[in-house]
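Working notes for the structure below.
Please treat every number below as a calculation from the coordinates, not as lab data. Owing to the predicted nature of the structure, the values given are computational and were not obtained by experimental measurement. With ideal geometry, Cβ positions are generated from the backbone for all residues, glycine too; neighbour counts draw on all protein chains shown.
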Amino acid sequence: MIELIKTSARRIYTRTRIPGIDYVINQYVGCEHACTYCYAKFMCRWKKHGKWGSWIEAKMNAPELVKEIVNGKVAMSSVSDPYQPVEKKLELTRQVLENMDKHTRLDILTKSDLVLRDIDLFKEFKAINVGLTINTFKGREKELFEPNPPSNEARLRALRILKKNNIPTYGFISPVIPGLVDLEPLIAESRGFVDYYIVEMINMNAAGHEFKKLLVEDYPRNHEITANKEKFREFIEEVKKILGKSGTKAPQLITHYPKPIVV
Ligand code: SF4
């Protein structure tokens, strides 16, 4: 059972240090997709509503606040998914998009094919990129790592439909856990309908203690690569080679170990 907490905020655009992005917008905080590696679960330190994935705050005045005009690139969202299931009824993301200045340089990232509902609004923006997180988790891994988001097949289908509608798209391949995400077939399957990729290696620090325990106990050989500086560097080199052959415009590789690097 998800607890929905309706709140109001003083501002909706927040300055960020995310490379290439000036502001983030989070009309929701919290996410019912409940991915076990989610980096945003640090929000539980401030929001005392319980375990990550069991609550959502919805900023009900976000559609009003978003009328403010900001200069710079805006990313939606950093501590939630703008198309998590609650959005189907609440339509907060849709109202935000309706009211936002259509000259805003906007970057949307989601794991849900509910994003297709808003294609009509995406077409009004002068500079927009819509990304879906994709990976190759299936069966047991999907249940353990991403229990609630739609399947990867649904996300790939969403990217295909967005592209058919002339919306600029990107595939956010994340989190890359050595041996558990099969990059080459994923790129081969998707490169026809994504403009570019951002590939992010698992960030074990942000994924938290429980996720690390899960990986150590259930996937010790995969975990060992993430924990060993030399092996992890070798793995990054393999990933770079695969990306070099992707055939799309300059893929970005984000890696968090031993220190953050954007390649
Ligand atoms: S969809 Fe994104 S924000 Fe939501 S739980 Fe998963 S990783 Fe976190």
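In table form, for the structure just shown:
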item	result
Residue satisfying all of: in region 11-50; in a loop (DSSP other than H, G, I, E, B) and free of Cβ contacts under 8 Å to residues at least 12 places away in the same chain; farthest from the chain's Cα centre (by Cα) among these	48
Qualifying residue in region 112-125 (condition: more than 13 Å from the ligand (Cβ to nearest atom) and either part of a strand (DSSP E or B) or among the aromatic types (Phe, Trp, Tyr) (or both))	yes
Test result for residue 94, loosely packed, with under 15 Cβ neighbours inside 10 Å and either basic (Lys, Arg) or within 22 Å of residue 254 (Cα to Cα) (or both)	no
Residue in region 195-229 that is farthest from residue 166 (Cα to Cα), counting only those that are in contact with a Pro (Cβ under 6 Å, 6 or more places away or on another chain) and touching a residue at least 60 places away in the same chain (Cβ under 8 Å)	202
Hey, residue 111 surrounded by fewer than 16 Cβ atoms within 10 Å (Cβ to Cβ) and among the charged types (D, E, K, R) or not	no
Selected residue (criterion: surrounded by the fewest Cβ atoms within 10 Å (Cβ to Cβ)) from residues of region 183-236 that are within 24 Å of residue 51 (Cα to Cα) and aliphatic (A, V, I, L, M)	216
Residue match in region 82-101 (condition: farther than 19 Å from residue 172 by Cβ, within 16 Å of the ligand (Cβ to nearest atom) and outside any helix (DSSP H, G or I))	yes
Criterion (charged (D, E, K, R), away from the ligand (no atom under 14 Å from the Cβ) and surrounded by 19 or more Cβ atoms within 10 Å (Cβ to Cβ)) met by exactly one of 59, 6	59
